[in-house]
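**Student:** Let me give you the structure first, and then I'll get to my questions.
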Amino acid sequence: MTLTDTNSWTGIREVLLRRIHDRVWQPGEQIPHEADLAQEFGCARTTVNRALRDLAESGLVIRKRRAGTRVALNPPQRATLTIPIIREEVEALGRTYRHSLLERDLRPLPPMLHGAFQVSLGENVLFLKTLHFADDRPYAFEERYINLKAAPGAQDMSFEDVSANEWLVHNAPYSHGDLSFFAVNADKTLSRKLDTASGSALFAMERITWSGEVPITHVRLIFAPGYRMRTEI
């Protein structure tokens, strides 16, 4: 057997990954010890250790002290999610986009959000309410808080011509985020804004994005009936 690029941990990881995918090692099965793999690949044990650590961080193997390394029984299945620009999302449907800024205000963050979106108590954030349209029909209602320490340029933006959604995607790069999906029933306000019957079931999401340890924005989006989310796995 000819081994390729196994003098690097990335090369070893690829070989190990291929063996896992090809079921050379079955789910739950213990794989050879680091010393044995190092001998097989003709490399330092630390190189094998680094490759195994990467596989463990991906959830593909389970490592336990003194118990060795086993192939995970239920490896994680991950979806790829990106933050869509709503204008582009609407235009991709062949529809005409516009948005209406309903409210823009500097205010302290509501106490109920402090646990998830940590800015200093009493510090002003930029609050926005926006209604997005597709072919002059309501598409999504948005409530958003922007941390001006993370995105100071937002304070000078009117967000009349460019939505906060689009501006932030282009001007406030994020390192990671938290995302939740849920259903809500339309109350009188939502039924009026989204032109739907009171009590209608609506798809909603909340998202927080971060730049390192600094929160950028907290947004709640509630979509008009018929919205469908697509992603890749």
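The values are calculated or read from the model by the stated rules, or taken from the named source; none is laboratory data. The structure displayed is predicted, hence computed values, not measured ones. Because the Cβ atoms are built from the backbone with ideal geometry, glycine has one as well, and the counts that use them run over all protein chains shown. The protein model used for the area step is the full one, side chains on, heavy atoms only, and it has no ligands, DNA or RNA in it. Shrake-Rupley method; radii C 1.70, N 1.55, O 1.52, S 1.80 Å.
**Student:** Looking only at the stretch 175-192, decide whether some residue is out of contact with any His (no Cβ under 7 Å at 6 or more places or on another chain), touching a residue at least 60 places away in the same chain (Cβ under 8 Å), surrounded by 14 or more Cβ atoms within 10 Å (Cβ to Cβ) and closer than 28 Å to GLY94 by Cα.
**Tutor:** Looking for residues that are out of contact with any His (no Cβ under 7 Å at 6 or more places or on another chain), touching a residue at least 60 places away in the same chain (Cβ under 8 Å), surrounded by 14 or more Cβ atoms within 10 Å (Cβ to Cβ) and closer than 28 Å to GLY94 by Cα, one finds none in the stretch 175-192, hence no.
**Student:** Could I ask something else about it? Can you find even one residue in the stretch 224-232 that is closer than 17 Å to ALA116 by Cα and part of a strand (DSSP E or B)?
**Tutor:** Checked against the condition, which is being closer than 17 Å to ALA116 by Cα and part of a strand (DSSP E or B), the stretch 224-232 yields no hits at all.
**Student:** For the stretch 31-46, what are the residues that are out of contact with any Ser or Thr (no Cβ under 9 Å at 6 or more places or on another chain) and either surrounded by fewer than 18 Cβ atoms within 10 Å (Cβ to Cβ) or among the small types (Gly, Ala, Ser) (or both)?
**Tutor:** Listed by number, the residues that qualify are ALA35, ASP36, GLN39, ALA44, ARG45, THR46.
**Student:** Oh, and also: Just checking, how many residues over the stretch 115-147 are closer than 15 Å to TRP210 by Cβ, part of a loop (DSSP other than H, G, I, E, B) and open to solvent by less than 60 Å² (accessible area, probe 1.4 Å)?
**Tutor:** So the count comes out to 4.
**Student:** Of all the residues that make up the stretch 148-163, how many are open to solvent by 20 Å² or more (accessible area, probe 1.4 Å), in a loop (DSSP other than H, G, I, E, B) and either small (Gly, Ala, Ser) or farther than 27 Å from ASP195 by Cα (or both)?
**Tutor:** Residues flagged as open to solvent by 20 Å² or more (accessible area, probe 1.4 Å), in a loop (DSSP other than H, G, I, E, B) and either small (Gly, Ala, Ser) or farther than 27 Å from ASP195 by Cα (or both) within the stretch 148-163 amount to 5.
Matching residues to (1) without any contact (Cβ under 8 Å) to a residue 12 or more places away in the chain; (2) charged (D, E, K, R):
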{"site": "PRO75", "(1), (2)": "no, no"}
{"site": "ILE86", "(1), (2)": "no, no"}
{"site": "GLU91", "(1), (2)": "yes, yes"}
{"site": "GLY115", "(1), (2)": "yes, no"}
{"site": "VAL125", "(1), (2)": "no, no"}
{"site": "HIS132", "(1), (2)": "no, no"}
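**Student:** Please work out which one of (1) within 23 Å of MET229 (Cβ to Cβ); (2) modelled with pLDDT of 95 or more is the condition MET157 fails and give its number.
**Tutor:** Condition (1) is where MET157 drops out.
**Student:** Let me ask something else. Please go through the stretch 191-215 and pick out each residue that is more than 18 Å from LEU81 (Cα to Cα) and under 17 Å from the mean Cα position of the chain (by Cα).
**Tutor:** Those that are more than 18 Å from LEU81 (Cα to Cα) and under 17 Å from the mean Cα position of the chain (by Cα): GLY212, GLU213, VAL214, PRO215.
**Student:** List the helices (runs of 4 or more DSSP H) that sit entirely inside the stretch 6-99 and contain at least 3 residues that are of a type outside the set (S, T, N, Q) and modelled with pLDDT under 90.
**Tutor:** Where helices (runs of 4 or more DSSP H) fall fully within the stretch 6-99 and carry at least 3 residues being of a type outside the set (S, T, N, Q) and modelled with pLDDT under 90, they are 9-21, 45-57.
**Student:** Here is a further query. Which one is farthest from ILE62 (Cα to Cα), of the residues in the stretch 8-24 that are touching a residue at least 24 places away in the same chain (Cβ under 8 Å) and open to solvent by 20 Å² or more (accessible area, probe 1.4 Å)?
**Tutor:** The extreme case among them is SER8.
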